[in-house]
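Read the structure below first, then the notes.
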Amino acid sequence: MSGPITILVDADACPVKDEIYKVAWRYEVQVKVVSNSRLRVPEHPLIERVVVSDGFDAADDWIAEAATPRSVVVTSDILLADRALKAGAIVLAPTGKPFTLASIGPAIATRAIMADLRAGMSAETNGGMGGPPPFSKADRSAFLQALDTALVKLKRG
């Protein structure tokens, strides 16, 4: 494999952007921070802000097209993770959980079941279903370790 290693960040709701920058600087890896709106990013030659249209899935489409076997994609979006895996990228959730070709099918199925359950619930009661658990220090630590491992793997080829 040739070409530069790149970290592609699905940035609109990413809680680990600062961690990504620090690891990228340590490994001298380019980061593309992709969002639908202008986000603040550090002024640094390795960090590039990519603002896409506010069209549905515009950021996901950009990331999926840019993903290569030399990319690490950071996203919590299961459908984007699937597209990036098919492009050969390493894909990490902000919690550090890797998406793999073996795990993505069940994750997509679970997502569909949960969407059906939410759609069937009354808007007033919300069925007692909340969102994901709060982001923790352990999640942040797991993410840092997973990103470090992914970059070492890509650097070794």
### Task
Just one of (1) over 21 Å from Ser136 (Cβ atoms); (2) buried (at least 17 other Cβ atoms within 10 Å of the Cβ); (3) in contact (Cβ under 8 Å) with a residue 24 or more places away in the chain; (4) among the small types (Gly, Ala, Ser) trips up Gly3, so point out which.
(2)
### Message
Suppose we filter region 48-70 for residues that are outside any helix (DSSP H, G or I), in contact with a Lys or Arg (Cβ under 9 Å, 6 or more places away or on another chain) and of a type in the set (Gly, Ala, Ser); how many remain?
### Response
1
## Note on the structure
Ala142 fails exactly one of (1) out of contact with any Ser or Thr (no Cβ under 9 Å at 6 or more places or on another chain); (2) at pLDDT 80 or above; (3) in a helix (DSSP H, G or I); (4) surrounded by fewer than 20 Cβ atoms within 10 Å (Cβ to Cβ), namely (1)
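Would you point out which residue out of Val31, Val50 is under 13 Å from the mean Cα position of the chain (by Cα) and not basic (Lys, Arg)?
Values: Val50 fails: under 13 Å from the mean Cα position of the chain (by Cα).
Checking each option against the conditions leaves just Val31.
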### Task
Scan region 11-37 and report the pairs whose first residue is without any contact (Cβ under 8 Å) to a residue 40 or more places away in the chain and farther than 17 Å from Ser141 by Cα and whose second residue is part of a helix (DSSP H, G or I) and among the aromatic types (Phe, Trp, Tyr), with Cβ atoms within less than 8 Å and a gap of 6+ or a chain change.
Val31/Tyr21; Val34/Trp62
### Answer from Thr68, Thr95 - the residue that is surrounded by 14 or more Cβ atoms within 10 Å (Cβ to Cβ), at pLDDT 95 or above and not hydrophobic (A, V, I, L, M, F, W, C)
Thr68
### Summary
When Gly96 is run through (1) under 23 Å from Arg156 (Cβ atoms); (2) in a helix (DSSP H, G or I), the failure sits at (2)
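The values are calculated or read from the model by the stated rules, or taken from the named source; none is laboratory data. Predicted, not measured: the structure shown is a model, and the values here were computed from it. Cβ sites come from the backbone with ideal geometry, for glycine too, and all protein chains shown count toward neighbours.
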